[in-house]
Amino acid sequence: MLEELLAALDDDQRAAVTAPLSNVLCIANAGSGKTRVLVHRIAYWILKGQPEDSFLMLTFTNKAANEMMGRIKNLLGKEQVKITGGTFHSVAVRLLRRYGGAVGLRHNFQILDSTDAAGLIGVCREKVCADFDLSRKEFPPKEKIASFYSYCRNCSITLEERNEQISEFSEGTLRLIADTLVPDYEAWKKKMNAVDFDDLLIYFDELLGNKSILRMIHNDFPNVFVDEYQDINSLQNSIIHKLAQGVNHLTVVGDEAQCIYGFRGSEVEFIQRFQDDYGNAGVFPIRNNYRSTDGVVDLALSVINQSPDYADKKKVMLANKHGAVRPELFVLNDDDSQVRHIYAEIERTHKSGTPYSEMAILFRTGFLAKKVEAELTARGIPVCMNCGISFYERAHIHTLLDYLKLLANPGNEIAFWGLFETVDGIGSKTAKKMFEAFDKGGCDFDKLSELKGPKRAVSSMTSLISAILEGRYQRDIVDRIDVFMNTYYKYAMMRLFKEDYEKRMGDIKILKKAVEPFEHVEDFLENITLSAVEDTGQGDRVLVTTVHKAKGLEWDKVILPYMNDGVYPHYKCEEREEERRLLYVAITRARESLTLMSVQWSPFLPREGHGELSPFLEKADIEARYTEPEEYRQPQWAGFSDKEYRRPQWGGF
């Protein structure tokens, strides 16, 4: 069986898989079989006699963890394996449920998703504004505060240190956030027996600082494997150090050229200094690229090897596919010219036999996609837009989750607020007062009908309370959703979302399908809360998304618009070389065909709209065409609408 396992690998992969159980770094190029190396190495050492339950596998998405588990089972010919694996956050939950008392956590703590956490910060923000008589318009929005605080915690730096780096807040505002808002936020969570995403890693790291517990975890998991190592932040780096401390059976897989999440705290230095941090570690390059054609690989290398990081030693990536057509760069007049060209590329590619599902348009920032999506949809191109918030963060879905959360835990204050604020006539202040009354009554559902609300809210409030009272007796999650929809929510949705009611009702069907595998609502809620990435739901449609969301995915045809300076690199970027890596990631999503476009003028561009070509492409292995093909200027294109797309505020990802 070992021979069969190794026969499926190339020389680079085989060397990494069979390396001794010691500290090992696999530098795996894009499309080189990174996952194959990781799962084969685990299977190899299990076949060599290592106990299955001695392996701990840390990933960044549940999807990746499930895929790896499935592949390991296939390699071993088993239906079940005893490997412990999952995202950093899900593994943290598993260990904190068991050992959390050592760091002051009760085992039944609830987990706040990002929307809930931002909502709670919003409550604390309102209190600060009221207590200090501040204008709510002038004080930073809850999302900005939440993002800033999260970054600091993941990077293990103070709010003051981060503010010195980017000058986000005035000194007075920072003091209010640091001295009042943050302590209030932490006190609220403690009162609610709740933790947010960042807490999970902070408590995990703290738990590993307990020597007796660390000893038990070392005994349980002497073999630690980490996927996408280039994406780790300071907190995750500390966790990995402690897990590997004194064990020296750490295997990590990653590619420094794909480190693109600096805005979330990842640092390329962690993978670059792996050998220094883990003495005498073996480093195994996985050089072959099996995904992309030689033209795509050549372009990617010509971009990334201009980086100072590769001044002494160039990156090597070996293409295994020959492409008949090399990547093309078109420099077009303006936004309308670019949209026409994108439409023509999609139509030509589709007529040649490529399904829409094998095409993607990748943008540096989501707002740049809006006009393209609108115009392609108007022209009959089936489009899947995935640039905004995730499925479970959508307002109509999150309300349904609030309903399930409240049924599971009547003391969930945030879920209560979210639900009652959907009632016509009830705002945030009223909802908070109502919960105070509910809390004084012991959070007893039978006393919900005693709550007082505004006169105009009585009818809807009665329906909502009926849905809660009836839903608590339903054991099946789908039945609970049906009760909520039929008793209250579908009528509320008609009022709240009348413009796209049918589309949102379609999302409810998707949610009902997602809950089917779960017997207990608590398991479902924890699973989706810990899911960092979801499926795109592309279907047979052209996917329109951002490069950050496209990482880890691939298509036959990829289109990259706005190859302009100010976009690549983004004009507000903190780290120029990360922007180069982002373009490298974008290029390497393409299997067969890659088209890049830049515009010479656009209101979406900085610098008064004048478009210069991205400096990352000036020495790249690609030829630019500066003339718009004649066929794209025909009269039928006059139908493209000239809607007003006002230039938005730049910033964000």
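The values are calculated or read from the model by the stated rules, or taken from the named source; none is laboratory data. Small disclaimer: the values here were computed from a predicted structure and weren't measured. Glycine also receives a Cβ, built like all others from the backbone with ideal geometry; neighbour counts cover every protein chain displayed. To get the accessible areas, we keep the full protein, side chains included, count just its heavy atoms, and leave off ligands, DNA and RNA. Shrake-Rupley method; radii C 1.70, N 1.55, O 1.52, S 1.80 Å.
Measuring between their Cα centroids, the range 562-595 and the range 112-149 lie 33 Å from each other. Taking every C-alpha pair closer than 8 Å and separated by at least 6 residues, the mean separation divided by the residue count of the range 205-326 gives a relative contact order of 21 percent.
Could you work out what % of the accessible surface of the chain is carbon and sulfur, using a 1.4 angstrom probe and leaving DNA, RNA and ligands out of the count? The C+S portion of the solvent-accessible surface of the chain is 47 percent.
For the range 509-599, the calculated P(r), taken from all Cα-Cα distances in 10 Å bins from zero up to the bin holding the longest distance, is 13, 35, 25, 18, 8, 0 percent.
Is the range 405-532 rounded, prolate or oblate when judged by the Cα gyration tensor, a ≥ b ≥ c being the square roots of its eigenvalues, rounded requiring a/c under 1.5 and prolate requiring a/b larger than b/c? Since a/c reaches 1.5 but b/c is at least a/b, the shape of the range 405-532 is classed as oblate. Note on Lys512: lysines with a C-alpha under 25 Å away, same-chain residues under 8 apart excluded, are Lys63, Lys405, Lys490, Lys498, Lys503, Lys549.
Put a plus charge on the Cβ of each Lys and Arg, a minus charge on the Cβ of each Asp and Glu, and nothing anywhere else: the dipole of the range 282-335 about its Cα centre is then about 440 debye. The stretch between Asp621 and Lys190 holds 149.6 nm of extra length on full extension. This uses 0.36 nm per residue minus the Cα-Cα distance. Straightening the chain between Asp446 and Phe132 buys 109.2 nm, computed as 0.36 nm per residue apart minus the Cα-Cα spacing. By the Kirkwood approach, averaging reciprocal distances over each pair of separate Cα atoms, the chain gets a hydrodynamic radius of 27.1 Å.
When peptides 302-314, 330-342, 439-451 are sorted by average Cβ neighbour count within 10 Å, with the highest value leading, the order is 330-342, 302-314, 439-451. Computed from backbone phi, the HN-Hα couplings of the range 584-596 come to 4, 4, 4, 4, 7, 7, 8, 8, 10, 9, 9, 10, 10 Hz, rounded to whole numbers (Karplus: 6.51 cos²θ - 1.76 cosθ + 1.60, θ = phi - 60°; Gly and Pro given as x). Three semi-axes describe the equivalent ellipsoid of the range 1-105; taken as square roots of 5 times the Cα gyration tensor eigenvalues and ordered largest first, they are 27, 15, 13 Å. With a Förster radius of 60 Å applied to the beta-carbon distance between Tyr571 and Tyr473, the computed FRET efficiency rounds to 0.60. In terms of its C-alpha gyration tensor, the range 177-259 has an oblate overall shape, because the principal axis ratio a/c (a ≥ b ≥ c, square roots of the eigenvalues) is not below 1.5 and a/b does not outweigh b/c. By the equivalent-ellipsoid construction on the alpha carbon gyration tensor, the range 18-76 comes out with semi-axes of 18, 15, 11 Å, ordered largest to smallest.
Mean separation of Cα pairs under 8 Å and 6 or more residues apart, divided by the residue count, gives the chain a relative contact order of 19 percent. Inter-part distance, the range 303-371 to the range 93-111, computed on C-alpha centroids, equals 46 Å. Less than 5 angstrom separates the built amide H of Val542 from those of Val383, Cys384, all sequence-distant by 5 or more or on a different chain. Within the shell defined by Cβ-Cβ distances under 11 Å, the residues around Thr399 carry a net charge of +1, with Lys and Arg each +1 and Asp and Glu each -1. The Cα atoms of the range 440-515 cover 38, 31, 17 Å along the three principal axes, with the biggest extent listed first. Applying a DSSP loop filter and a limit of 13 other Cβ atoms within 10 Å to the GluC sites (Glu not before Pro) in the range 567-596 leaves Glu574. Sorting the segments 74-86, 497-509 by their mean number of nearby beta carbons within 10 angstrom, highest to lowest, gives 74-86, 497-509. Among the trypsin sites (Lys or Arg not before Pro) in the range 227-295, those placed in a DSSP loop whose Cβ has at most 12 other Cβ atoms within 10 Å are Arg273.
Electrostatic tally near Asp227: other residues with Cβ closer than 13 Å to its Cβ, Lys and Arg +1, Asp and Glu -1, net +2.
Computed 3J(HN,Hα) for the range 409-416, one whole-Hz value per residue from the Karplus formula 6.51 cos²θ - 1.76 cosθ + 1.60 where θ = phi - 60°, is 8, x, x, 6, 5, 5, 4, 4, glycine and proline marked x.
For the pair Phe263 and Glu67 in one chain, pulling the backbone fully straight at 0.36 nm per residue adds 67.9 nm over the alpha carbon distance. Accessible surface area normalised per residue over the range 502-594 is 41 Å², counting heavy atoms of protein chains with a 1.4 Å rolling probe.
Dipole orientation for the chain: of the candidates Thr293, Leu329, His396, His396 has the Cα lying most toward the positive pole (charges on Cβ; Lys, Arg +1; Asp, Glu -1). Keeping all protein chains in place, calculate the accessible area per residue for the range 317-427 (probe 1.4 angstrom), answer in Å². Computed with neighbouring chains in place, this is 33 Å² per residue.
Close amide H pairs (under 5 Å, H built 1.01 Å from N) link Ile286 with Ile27, Ala28, Asn29, residues at least 5 positions away or on another chain.
Could you work out the local net charge near Pro308, counting Lys and Arg as +1, Asp and Glu as -1, over the other residues with Cβ closer than 15 Å to its Cβ? Charge balance in the 15 Å sphere: -1. About its Cα centre, the range 436-504 has a charge dipole of approximately 300 debye under the convention of +1 per Lys or Arg Cβ and -1 per Asp or Glu Cβ, with nothing else charged. Please tell me the relative contact order of the range 392-544 in percent, rounded to the nearest whole number, where contacts are Cα pairs under 8 Å and at least six residues apart. Once normalised by length, the contact order is 22 percent. The DSSP beta bridges internal to the chain are antiparallel in roughly 5% of cases. For the chain, the residue among Gly86, Ala15, Thr354 whose Cα projects farthest onto the positive side of the dipole built from Cβ charges is Gly86.
In this label model, Lys509 and Arg273 are separated by 5.4 nm, measuring between points 7 Å along each Cα→Cβ vector.
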